[in-house]
1. Dipole size in debye (nearest 20) for the chain around its Cα centre, Lys and Arg Cβ +1, Asp and Glu Cβ -1?
2. Under a straight-distance cross-link criterion of Cα-Cα below 27 Å, which lysines are reachable from Lys39, leaving out those fewer than 8 residues away in the same chain?
3. I need the shape label for segment 1-91. Rule: rounded when a/c is under 1.5, else prolate if a/b > b/c, else oblate, with a, b, c from the alpha carbon gyration tensor.
4. Could you tell me the distance between the Cα centroids of segment 98-123 and segment 37-59, to the nearest Å?
5. When the chain is fully extended, how far beyond the present Cα-Cα distance does Ile12 get from Ser30, taking 0.36 nm per residue of separation?
6. Between Trp86 and Arg3, how high is the FRET efficiency from 1/(1 + (r/R0)^6) when r is the Cβ-Cβ distance and R₀ = 25 Å? Nearest 0.05.
7. Could you give me the ³J(HN,Hα) list for segment 23-38, computed from phi with Karplus coefficients 6.51, -1.76, 1.60 and θ = phi - 60°, whole Hz, x at Gly and Pro?
8. Per residue of the chain, what 222 nm ellipticity follows from adding -39500 (n - 2.57) for every DSSP H run with n ≥ 4, rounded to the nearest 500?
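What follows draws every value from the coordinates through simple rules; no lab data is involved. All of these numbers come straight from a predicted model, not from anything done at the bench. No Cβ is skipped: glycine too gets one built from the backbone with ideal geometry, and neighbour counts run over all protein chains shown.
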Amino acid sequence: VTRAGEVNAPLIRQILQIKQEQASILGFGSYAEVSIERKMAPSVEAVYDLTEMLLAKAFPAAQKELQQLTEFATANGFDGAALALWDVSFWSERLSEHTFGFEQEELRPYFALDNVLDGLFGL
């Protein structure tokens, strides 16, 4: 919940209602169908199917990575029951430093905006 939640919630409900009305006027069952009409996916169901397939493939790997990260964090001083969302980025950085032997900041000189643009447009 944010400070503006109580102000925004009625506006969001109104926007969703208007989008549903728009979809009905245009002959669609939902705003998702209106949106998908101009996109690559053939239907809303196809989007749901793709999402479910990606979840089935990616979720086990994500769980394994989180388990490895938790084991690393615990072995290196983390004493909580489980990593919180804000802990994940911190311990991911520590794991990368441990695994690759350098800090991400050390890469900054190689990826200055001018260098990146020169390399990108020099192809």
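1. 500
2. Filter leaves Lys19, Lys57.
3. oblate
4. 34
5. Gain in length upon complete extension: 4.9 nm.
6. About 0.80, to the nearest 0.05.
7. 4, 4, 4, 7, x, 9, x, 7, 5, 4, 5, 5, 4, 6, 4, 9
8. -23000 deg cm²/dmol
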